[in-house]
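Notes follow once the structure below has been shown.
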Amino acid sequence: MKTGNIILFVLCAIAMIVGIVIYFEASAFQKTAIITQGTVVNSGTTYYDIKYTSGDDIERTYKGSQPKNGKHRDGETMKVFYQSDNPDKARITDGVKGGKKVVFWAFIMLLFNLVSVYSGRKKDKSEKNFKTT
């Protein structure tokens, strides 16, 4: 097996572990999270603020950076997930999808690497057979 394949196997393993950790951390956050509606206020070119009201009727603010594939506009309503014991710790996504995406792409990389190893071994076997005959 070539060094590049070993390195790619290690990277795939790291990516799988990271994806699984993200998934389980997000799942644990979801189990204790409270979902509420927030309104985007003060959106700029690189950031935005979401105002939401927690269970103790205090208005809180979530600050986020604008995504590259679109913008959040003033007045837009969004779901906000926050912890009941710490309402200032909020998220606008559940995070589970992100963990699944990381695991999916790590699996695709693993398949690519396995095909590469298989074709390399097949080529080496063919070359060896050609040299001996």
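We did not get these values from a lab; they are worked out from the coordinates using the rules stated. The shown structure was predicted, so the numbers you read here are calculated from the model rather than taken from an experiment. Cβ: placed from backbone, ideal geometry, glycine included. Neighbour counts: every protein chain shown.
Before moving on, here are some points about what is shown:
- Calculated FRET value between Asp124 and Glu25, using beta carbons and R₀ = 41 Å, to 0.05: 0.45
- Table column - 3J(HN,Hα) (Hz), segment 36-41, Karplus curve with 6.51, -1.76, 1.60, x for Gly and Pro: 9, 9, x, 10, 6, 10
- Summing Cβ point charges (Lys, Arg +1; Asp, Glu -1) relative to the Cα centre of segment 67-133 gives a dipole of roughly 560 debye.
- Principal-axis tilt of helix 96-132 within the chain, Cα atoms, nearest 10 degrees: 10 degrees
- Fluctuation leader among Thr53, Thr77, Thr45 - the chain, Gaussian network, Cα springs under 10 angstrom: Thr45
- Farthest positive-ward along the chain dipole, Cα basis, beta-carbon charges - from Gln30, Ile108, Tyr82: Ile108
- Note on Ser84 and Phe107: the extension gain reaches 4.7 nm, defined as 0.36 nm multiplied by sequence separation minus the Cα-Cα distance.
- Under the criterion of Cα pairs below 8 Å and six or more residues apart, the relative contact order for segment 29-122 equals 26 percent.
- Cβ charges +1 (Lys, Arg) and -1 (Asp, Glu), total dipole of segment 3-132, debye: 1060 debye
- For the chain, the mean projected area of the C-alpha convex hull, equal to one quarter of the hull surface, is 10.9 nm².
- Two-site FRET efficiency, Thr77 against Ile6, from Cβ-Cβ distance with R₀ of 41 Å, rounded to 0.05: 0.25
- Helix 3-32 and the longest principal axis of the C-alpha atoms of the chain enclose an angle of approximately 20°.
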